[in-house]
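Visitor: One structure follows; several queries about it will come next.
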Amino acid sequence: MSGRDARDRAPRVKNRAAAAVQITAEQLLREAQERQEPSVQAPKQRVADLEELSEFQGRKRNEFEGRIRYSRDSIRAWIKYAQWESSQNEFERARSVFERALDVDPRSNELWLKYTDMELKARNINHARNLYDRAVTLLPRVDALWYKYVYLEELLLNVPGARQIFERWMQWEPNDKAWQSYIKLEERYNELDRASLIYERWIGVRPIPKNWCLWAKFEEDRNQLDKSREVFQTALEFFGDEEDQVEKAQQVFAAFARMETRLKEYERARVIYKFALARLPRSKSSNLYAAYTKFEKQHGDRAGVELTVLGKRRIQYEEELAYDGTNYDAWFSLARLEEDAYRADKEDGEDVEPTRVREVYERAVANVPPALEKRYWRRYIYLWLQYAAFEEIETKDYARARDVYKAAIKLVPHKTFTFAKLWLAYAYFEIRQLDVTAARKVLGAGIGMCPKPKLFSGYIELEMRLREFDRVRMLYEKFLTYDPSLSSAWIQWTQVESAVEDFERVRAIFELAVQQSLDMPEIVWKAYIDFESGEGERERARSLYERLLERTSHVKVYISYALMEVSVLGGGEDEDGNEIEGEAGDPELARAVFARGYKDLRAKAEKEDRALLLESWKSFEEQHGTPEELAKVEEMMPTTRKRWRKAEDGSDQLEEYWDLIFPDDERDANPTSFKFFQAAQQWAAQRGGDEGEGGLSYDLPSDSDDDDDDDNEEADGDDAGESIAEPMDEDD
């Protein structure tokens with residue numbers, strides 16, 4: 001039990017319904033404001049005579065003095081004391097308070113500003129001047145005091161005095177705003193030569209690009225164009241021509257070019273841009289390139305615009321590569337960009353060297369993938385291939401292209417993985433150079449170092465184009481010695497031998513192939529059978545089918561076997577162009593194959609395969625058989641029934657499924673009920689012929705519950721010999 005009193009708990013709300021009168025938050029706030037008690041206000045005192053005034057002032061002074069004694073370092077207390085004295089027109093006392101405060105903290109900016117503001121409000125100008133003079137002497141780095149001092153003198157129209165104050169201030173080398181204020185003072189009174197001299201002094205103190213640009217713009221605004229150009233030239237001489245120095249002076253170059261553009265001196269502006277961009281790397285001159293691009297788009301020709309756009313894209317790709325050197329997509333884009341620029345220059349008739357393109361490719365291939373995994377090397381190898389293609393096609397430097405291929409092959413770790421496309425590209429390059437021996441050596445080295453199916457296939461294709469059939473046979477022997485399970489390789493070899501009409505060799509190859517452990521033996525058997533069928537060798541094809549059926553009893557084998565027996569084999573044209581009739585097939589043999597396949601599949605209880613075989617058999621009888629044979633096959637066709645079985649999840653629930661029912665199975669399992677159903681079907685067929693309505697069928701069942709019930713009752717009444725253990729079914 002807790003020691004808390006039950007009365008301390010919040011009361012339990014029994015009725016949670018909404019109140020009859022709803023109160024908004026606005027009403028609550030308004031009522032709270034209205035019910036607040038009024039604050040206590042001090043009574044107003046009215047001073048009736050001088051004696052009361054003196055008493056009041058004495059009391060306030062005692063309060064202020066007490067505060068100051070309590071916190072002598074509180075400048076706010078001193079300021080309030082002095083301001084109160086000034087409000088009583090006791091300026092001498094106020095000055096005394098400020099002076100006492102300055103003895104405490106002579107470097108307080110706020111104190112000096114309040115002191116001078118008091119004198120200015122009282123129109124004591126000379127006192128304010130003296131205070132500003134003392135303040136700027138003591139605190140020369142406080143700009144606010146200088147600004148107020150200058151403003152005071154200019155307000156009194158004492159321009160020479162303001163200029164003198166600025167000169168005192170400039171001796172301390174203040175920030176840029178102070179120099180600009182001095183210049184604006186001279187501009188307000190149209191003393192432009194004085195302002196130009198101030199700019200010169202300002203540059204001597206702070207020679208940054210921004211100040212040079214401001215000076216040149218000032219000279220341009222007062223129409224001193226030669227002076228403005230002189231300023232820019234002096235600035236460029238000051239910064240220098242080195243890369244770091246030009247990088248600092250980019251703002252000066254851009255401003256100089258903009259000025260020449262405003263003066264419609266476009267060639268001058270273009271020279272300035274090119275001078276700066278030629279001395280800066282692409283990654284450091286993006287802003288300057290953007291300005292140059294804009295200039296060329298407005299005032300340049302097509303070649304100039306393309307050149308600037310090219311430079312801008314170079315900068316973009318360089319930035320991407322600076323972030324990730326293995327971004328091979330960016331390397332491809334940059335290489336294509338440089339190749340396009342090289343082609344464009346050649347088309348214009350210029351004698352250019354592919355130095356820039358080669359530099360890009362050399363930089364790209366230097367970024368070797370960090371891991372020895374083939375997926376990282378796929379894009380990288382295409383860089384080498386594209387590099388070699390450029391040297392071969394564009395520059396016609398075949399020796400350099402050969403060196404590129406050799407370097408790429410030397411770099412790839414062939415013991416871990418290889419690239420057949422690289423070997424084949426190198427070999428075909430040698431073929432284009434009419435050096436077949438070198439190409440064969442390249443492919444032979446590739447097969448010897450790292451044999452691979454694609455490499456064998458490429459080498460064989462090359463020899464086939466050269467019509468070197470003996471070499472092709474040797475390559476196929478090495479290929480199948482390397483991997484005898486490749487069904488496609490066996491078939492390709494037989495196709496080669498068929499092309500040269502060496503049929504005995506074809507049969508020997510097929511016989512050797514079917515004895516191997518193949519990855520896809522079915523395609524080899526099919527190719528072998530198709531070859532014998534194409535040659536009109538029915539007995540050989542029949543023998544092959546029998547051998548295949550010893551290994552497998554697939555339904556497609558029986559169907560193909562039967563169709564072979566009925567098809568016409570051989571035929572064609574002789575050397576004189578006369579048509580030769582082929583050997584006709586025997587439908588009886590085909591029908592025997594169908595019957596044999598049906599019997600075999602029935603013994604193995606393959607219902608779907610039996611149905612597929614019967615469909616093919618039925619199509620065969622429709623084309624080659626008699627109506628009696630067709631009717632016999634149709635009687636063997638299966639029907640579908642809805643049945644129930646226990647669920648596979650282990651529960652006792654029944655699940656519904658569709659089952660194929662073959663008449664042969666029904667006849668053997670339930671002969672009595674089968675004869676009954678057969679008689680019922682005949683009766684229904686006769687009745688349907690008389691009245692135009694159908695009878696019983698084994699098609700898909702309807703959704704009517706009455707039909708299902710009638711079928712079940714009929715089956716229960718007449719199927720007395722049916723086994724009780726057979727699953728429950730529903731006839732259609």
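The values are calculated or read from the model by the stated rules, or taken from the named source; none is laboratory data. Keep in mind that what you see is a predicted model, and the values were worked out from it rather than measured. Here the Cβ is made from the backbone with ideal geometry for all residues, glycine too, and neighbour counts use every protein chain on show. For accessibility, only protein heavy atoms count, side chains too; no ligands or nucleic acids. Shrake-Rupley method; radii C 1.70, N 1.55, O 1.52, S 1.80 Å.
Visitor: Would a scan of the range 39-56 turn up a residue that is within 19 Å of Trp84 (Cβ to Cβ), among the small types (Gly, Ala, Ser) and surrounded by 10 or more Cβ atoms within 10 Å (Cβ to Cβ)?
Guide: Yes; the residues of the range 39-56 include at least one that is within 19 Å of Trp84 (Cβ to Cβ), among the small types (Gly, Ala, Ser) and surrounded by 10 or more Cβ atoms within 10 Å (Cβ to Cβ).
Visitor: Have a look at Val246, Val231, Val252 and point out the one that is under 50 Å from the mean Cα position of the chain (by Cα), assigned to a helix (DSSP H, G or I), on the phi < 0 side of the Ramachandran plot and touching a residue at least 40 places away in the same chain (Cβ under 8 Å).
Guide: Checking each option against the conditions leaves just Val252.
Visitor: OK, next. Residue check, Lys14 against (1) at pLDDT 85 or above; (2) not in a helix (DSSP H, G or I), all met but one. Which one?
Guide: Tallying (1) at pLDDT 85 or above; (2) not in a helix (DSSP H, G or I), Lys14 fails exactly one: (1).
Visitor: Does Glu220 satisfy being open to solvent by 90 Å² or more (accessible area, probe 1.4 Å), more than 25 Å from Leu102 (Cβ to Cβ) and either in contact with a helix residue (DSSP H, G or I) (Cβ under 7 Å, 6 or more places away or on another chain) or β-branched (Val, Ile, Thr) (or both)?
Guide: Considered against the rule, which asks whether it is open to solvent by 90 Å² or more (accessible area, probe 1.4 Å), more than 25 Å from Leu102 (Cβ to Cβ) and either in contact with a helix residue (DSSP H, G or I) (Cβ under 7 Å, 6 or more places away or on another chain) or β-branched (Val, Ile, Thr) (or both), Glu220 comes out as no.
Visitor: Of the residues Ser651, Ser616, which single one is open to solvent by less than 70 Å² (accessible area, probe 1.4 Å), without any contact (Cβ under 8 Å) to a residue 24 or more places away in the chain and within 60 Å of the chain's Cα centre (by Cα)?
Guide: Step by step, each of Ser651, Ser616 is checked, and only Ser651 is open to solvent by less than 70 Å² (accessible area, probe 1.4 Å), without any contact (Cβ under 8 Å) to a residue 24 or more places away in the chain and within 60 Å of the chain's Cα centre (by Cα).
Visitor: Can you pull out the residues in the range 101-111 that are part of a helix (DSSP H, G or I) and open to solvent by less than 80 Å² (accessible area, probe 1.4 Å)?
Guide: Once the filter is applied, which keeps residues that are part of a helix (DSSP H, G or I) and open to solvent by less than 80 Å² (accessible area, probe 1.4 Å), the range 101-111 yields Ala101, Leu102, Val104, Asn109, Glu110, Leu111.
Visitor: Can you tell me which of Asn130, Asn89, Asn62, Asn126 is at pLDDT below 90, of a type in the set (S, T, N, Q), part of a helix (DSSP H, G or I) and open to solvent by 20 Å² or more (accessible area, probe 1.4 Å)?
Guide: Asn62
Visitor: Checking Tyr342 against (1) aromatic (Phe, Trp, Tyr); (2) touching a residue at least 40 places away in the same chain (Cβ under 8 Å); (3) open to solvent by less than 50 Å² (accessible area, probe 1.4 Å); (4) in contact with a Phe, Trp or Tyr (Cβ under 8 Å, 6 or more places away or on another chain), which single condition isn't satisfied?
Guide: It is condition (4) that Tyr342 fails.
Visitor: While we're here: Determine whether the range 352-372 contains at least one residue that is modelled with pLDDT under 85, open to solvent by 20 Å² or more (accessible area, probe 1.4 Å), over 35 Å from the mean Cα position of the chain (by Cα) and of a type outside the set (Lys, Arg).
Guide: yes
Visitor: Whether any residue in the range 138-147 is free of Cβ contacts under 8 Å to residues at least 60 places away in the same chain, surrounded by 14 or more Cβ atoms within 10 Å (Cβ to Cβ), closer than 25 Å to Trp84 by Cα and in contact with a helix residue (DSSP H, G or I) (Cβ under 8 Å, 6 or more places away or on another chain) is what I want to check.
Guide: Looking only at the range 138-147, we keep the residues that are free of Cβ contacts under 8 Å to residues at least 60 places away in the same chain, and these are 138-147.
From what is left, the residues that are surrounded by 14 or more Cβ atoms within 10 Å (Cβ to Cβ) are 139-140, 142-143, 145-147.
Now narrow it down to the ones that are closer than 25 Å to Trp84 by Cα: 145.
Checking which are in contact with a helix residue (DSSP H, G or I) (Cβ under 8 Å, 6 or more places away or on another chain) leaves us with 145.
Within the range 138-147, one or more residues are free of Cβ contacts under 8 Å to residues at least 60 places away in the same chain, surrounded by 14 or more Cβ atoms within 10 Å (Cβ to Cβ), closer than 25 Å to Trp84 by Cα and in contact with a helix residue (DSSP H, G or I) (Cβ under 8 Å, 6 or more places away or on another chain).
Visitor: Sticking with this one: Do we have Leu563 as touching a residue at least 40 places away in the same chain (Cβ under 8 Å), under 23 Å from Leu613 (Cβ atoms), part of a helix (DSSP H, G or I) and not charged (D, E, K, R) here? Before you say what the answer is, go through the steps one by one.
Guide: Numbers: touching a residue at least 40 places away in the same chain (Cβ under 8 Å): yes; under 23 Å from Leu613 (Cβ atoms): yes; part of a helix (DSSP H, G or I): yes; not charged (D, E, K, R): yes.
Yes; evaluated as a whole, the condition is true for this residue.
Visitor: Say we look at the range 65-85 and pick out the residues that are charged (D, E, K, R) and assigned to a helix (DSSP H, G or I); which of these is most open to solvent (accessible area, probe 1.4 Å)?
Guide: Arg69
Visitor: Still on this structure: So Lys210 fits all but one of (1) surrounded by 13 or more Cβ atoms within 10 Å (Cβ to Cβ); (2) under 20 Å from Ala254 (Cα atoms); (3) not small (Gly, Ala, Ser); what number is the exception?
Guide: Result: Lys210 fails condition (1) only.
Visitor: Now a separate question. So Leu434 passes all but one of these: (1) at positive phi; (2) touching a residue at least 12 places away in the same chain (Cβ under 8 Å). Which condition number does it fail?
Guide: (2)
Visitor: A follow-up question, please. Among the residues of the range 620-648, which ones are surrounded by fewer than 13 Cβ atoms within 10 Å (Cβ to Cβ) and part of a strand (DSSP E or B)?
Guide: Result: Arg645, Lys646.
Visitor: Can you tell me which residue is farthest from Ser87 (Cα to Cα) among those in the range 148-170 that are surrounded by fewer than 18 Cβ atoms within 10 Å (Cβ to Cβ) and of a type in the set (A, V, I, L, M)?
Guide: Per the criteria, the residue is Met170.
Visitor: Are there any helices (runs of 4 or more DSSP H) wholly within the range 432-521 with 2 or more residues that are farther than 29 Å from Asp397 by Cβ, under 43 Å from the mean Cα position of the chain (by Cα) and not aromatic (Phe, Trp, Tyr), and if so which?
Guide: Answer list for the range 432-521: 453-465, 487-499.
Visitor: When you look at Val360, is it of a type in the set (Val, Ile, Thr), assigned to a loop (DSSP other than H, G, I, E, B) and touching a residue at least 12 places away in the same chain (Cβ under 8 Å), yes or no?
Guide: Details: of a type in the set (Val, Ile, Thr): yes; assigned to a loop (DSSP other than H, G, I, E, B): no; touching a residue at least 12 places away in the same chain (Cβ under 8 Å): yes.
Considered against the rule, which asks whether it is of a type in the set (Val, Ile, Thr), assigned to a loop (DSSP other than H, G, I, E, B) and touching a residue at least 12 places away in the same chain (Cβ under 8 Å), Val360 comes out as no.
Visitor: For the range 445-464, name all the residues that are open to solvent by 30 Å² or more (accessible area, probe 1.4 Å) and among the charged types (D, E, K, R).
Guide: To start, the set of residues in the range 445-464 that are open to solvent by 30 Å² or more (accessible area, probe 1.4 Å) comprises 445, 448-449, 451-454, 457, 461, 464.
Those that are open to solvent by 30 Å² or more (accessible area, probe 1.4 Å) and among the charged types (D, E, K, R): Lys452, Lys454, Glu461.
Visitor: What is the residue count in the range 395-444 for residues that are in contact with a Lys or Arg (Cβ under 6 Å, 6 or more places away or on another chain) and either farther than 20 Å from Arg375 by Cα or surrounded by 15 or more Cβ atoms within 10 Å (Cβ to Cβ) (or both)?
Guide: Here the count works out to 1.
Visitor: Moving to a separate point now. Can you list residue pairs whose Cβ atoms sit under 8 Å apart, with the first residue in the range 503-524 being over 19 Å from Val557 (Cα atoms) and without any contact (Cβ under 8 Å) to a residue 60 or more places away in the chain and the second being open to solvent by less than 60 Å² (accessible area, probe 1.4 Å) and outside any helix (DSSP H, G or I)? Count only pairs 6 or more apart in sequence or on different chains.
Guide: From the range 503-524, the pairs are Gln516/Pro484; Gln516/Ser485; Ser517/Pro484; Ser517/Ser485.
Visitor: Moving on. State whether the residues of the range 506-528 include one that is among the hydroxyl-bearing types (Ser, Thr, Tyr), touching an Asp or Glu at 6+ places or on another chain (Cβ under 9 Å) and open to solvent by less than 20 Å² (accessible area, probe 1.4 Å).
Guide: Yes, the conditions are met somewhere in the range 506-528.
Visitor: Which of the following residues is at pLDDT 90 or above and among the charged types (D, E, K, R): Asp73, Asp117?
Guide: Answer to the selection: Asp117.
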